[in-house]
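Undergrad: First the structure, then my questions, so here it is.
The values are calculated or read from the model by the stated rules, or taken from the named source; none is laboratory data. Everything quoted here is computed from the prediction, not taken from an experiment. Neighbour counts are summed over all protein chains in view; Cβ atoms, including those assigned to glycine, are modelled from backbone coordinates with ideal geometry.
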């Protein structure tokens with residue numbers, strides 16, 4: 001086991017997304033997962049049925065006790081819910097996690113449509129956390145909120161990635177799964193270059209937690225000293241394999257098979 005990853009995110013009682021998916025993904029990458037839980041959710045494949053936020057001071061305490069004892073080789077953030085939580089997390093990381101790569105998954109809306117980020121917190125995410133990010137991993141609706149640009153085609157994805165980089169993110173992975181078509185294109189913008197990933201679309205309803213899973217798998221790669229491109233490529237392969245072998249649980253958007261392994 002190599003690489004320590006601290007995950008700062010909300011819990012998913014259904015086990016398909018959030019902290020549960022994060023821990024499984026990091027473990028599948030042969031890295032060590034640690035957590036600071038930001039919220040509890042009553043959630044299953046049909047949607048989010050309730051949310052109980054964790055007090056910002058206790059989130060900070062979780063971060064600090066983990067980092068002062070175990071340390072971290074990479075940090076991943078998911079559901080942060082409010083501007084107060086974002087401010088607390090950012091302040092704690094500035095003090096306790098200097099130099100550790102930060103992967104920001106800008107979780108805003110659950111697969112079933114429930115808002116996981118308050119509207120007034122969107123500016124805090126963009127202005128406070130985005131400039132700290134080694135990598136930000138928005139899907140297209142999230143990119144539209146963060147940039148104010150319409151993202152409806154691959155050319156729009158390129159413009160949005162460049163805008164997010166100008167807002168301060170060191171690198172941007174634009175996830176193109178929301179575009180129509182039988183091919184899925186993701187774009188990685190880093191160091192002024194655009195890396196393009198393309199695969200056949202997998203027709204499946206077992207896609208709950210794909211964003212959490214991908215971001216955590218990338219964070220594990222960075223914690224293991226992989227290059228950004230290598231970490232993204234391995235994480236994408238892992239997510240695709242996890243969708244292909246999904247167990248088919250639930251009546252809605254089902255979970256992935258996080259137990260799969262990939263080389264890399």
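Undergrad: For residue 179, state whether it is buried (at least 17 other Cβ atoms within 10 Å of the Cβ), in contact with a strand residue (DSSP E or B) (Cβ under 9 Å, 6 or more places away or on another chain), in a loop (DSSP other than H, G, I, E, B) and on the phi < 0 side of the Ramachandran plot. Talk me through it step by step, then tell me what you get.
TA: Working: buried (at least 17 other Cβ atoms within 10 Å of the Cβ): yes; in contact with a strand residue (DSSP E or B) (Cβ under 9 Å, 6 or more places away or on another chain): yes; in a loop (DSSP other than H, G, I, E, B): yes; on the phi < 0 side of the Ramachandran plot: yes.
For residue 179, the condition - buried (at least 17 other Cβ atoms within 10 Å of the Cβ), in contact with a strand residue (DSSP E or B) (Cβ under 9 Å, 6 or more places away or on another chain), in a loop (DSSP other than H, G, I, E, B) and on the phi < 0 side of the Ramachandran plot - is met.
Undergrad: Here are 89, 66, 103, 107: which of them is farther than 18 Å from residue 32 by Cβ, touching a residue at least 24 places away in the same chain (Cβ under 8 Å) and either in contact with a strand residue (DSSP E or B) (Cβ under 6 Å, 6 or more places away or on another chain) or in a helix (DSSP H, G or I) (or both)?
TA: The unique qualifying residue is 89.
Undergrad: Related question: Mind listing whichever residues of region 70-85 are under 14 Å from residue 37 (Cα atoms) and either assigned to a loop (DSSP other than H, G, I, E, B) or at pLDDT 95 or above (or both)?
TA: Step one: of region 70-85, the residues under 14 Å from residue 37 (Cα atoms) are 75-82, 85.
Across region 70-85, the qualifying residues are 75, 76, 77, 78, 79, 80, 82, 85.
Undergrad: Sticking with this structure for a sec: For region 53-62, give me each residue that is out of contact with any strand residue (DSSP E or B) (no Cβ under 7 Å at 6 or more places or on another chain) and part of a helix (DSSP H, G or I).
TA: Answer for region 53-62, where residues must be out of contact with any strand residue (DSSP E or B) (no Cβ under 7 Å at 6 or more places or on another chain) and part of a helix (DSSP H, G or I): 56, 57, 58, 60, 61.
Undergrad: Out of the residues in region 226-248 meeting the condition of being assigned to a loop (DSSP other than H, G, I, E, B) and in contact (Cβ under 8 Å) with a residue 40 or more places away in the chain, tell me which one is nearest to the chain's Cα centre (by Cα). Step through it out loud before you land on a result.
TA: Of all residues in region 226-248, those assigned to a loop (DSSP other than H, G, I, E, B) come to 226-227, 245-248.
Subset that is in contact (Cβ under 8 Å) with a residue 40 or more places away in the chain: 246-248.
On the way: 246: 19, 247: 22, 248: 23 Å.
Looking at the filtered set, the residue picked out is 246.
Undergrad: Among the numbered conditions (1) over 22 Å from residue 71 (Cα atoms); (2) touching a strand residue (DSSP E or B) at 6+ places or on another chain (Cβ under 9 Å), tell me where residue 26 comes up short.
TA: Failing condition for residue 26: (1).
Undergrad: Let me ask you something else. Across region 38-52, which residue is surrounded by the most Cβ atoms within 10 Å (Cβ to Cβ) among those that are in a loop (DSSP other than H, G, I, E, B) and under 19 Å from the mean Cα position of the chain (by Cα)?
TA: 38
Undergrad: Let me ask another. Before we move on, is residue 173 assigned to a helix (DSSP H, G or I), modelled with pLDDT of 95 or more, under 16 Å from residue 215 (Cβ atoms) and under 16 Å from the mean Cα position of the chain (by Cα)?
TA: no
Undergrad: Name the single residue that is modelled with the lowest pLDDT among those in region 114-149 being buried (at least 20 other Cβ atoms within 10 Å of the Cβ) and not in a helix (DSSP H, G or I).
TA: 116
Undergrad: Going by the conditions given, is residue 204 in contact with a helix residue (DSSP H, G or I) (Cβ under 6 Å, 6 or more places away or on another chain) and either surrounded by 19 or more Cβ atoms within 10 Å (Cβ to Cβ) or under 21 Å from residue 8 (Cα atoms) (or both)?
TA: Numbers: in contact with a helix residue (DSSP H, G or I) (Cβ under 6 Å, 6 or more places away or on another chain): yes; either surrounded by 19 or more Cβ atoms within 10 Å (Cβ to Cβ) or under 21 Å from residue 8 (Cα atoms) (or both): no.
No: the conditions fail for residue 204.
Undergrad: Do you know which residues across region 14-23 are surrounded by fewer than 24 Cβ atoms within 10 Å (Cβ to Cβ) and either free of Cβ contacts under 8 Å to residues at least 40 places away in the same chain or assigned to a helix (DSSP H, G or I) (or both)?
TA: Within region 14-23, 20, 23 qualify.
Undergrad: Which is free of Cβ contacts under 8 Å to residues at least 40 places away in the same chain, assigned to a loop (DSSP other than H, G, I, E, B) and over 21 Å from residue 157 (Cβ atoms), of 205, 251, 263?
TA: Testing whether each residue is free of Cβ contacts under 8 Å to residues at least 40 places away in the same chain, assigned to a loop (DSSP other than H, G, I, E, B) and over 21 Å from residue 157 (Cβ atoms) leaves just 263.
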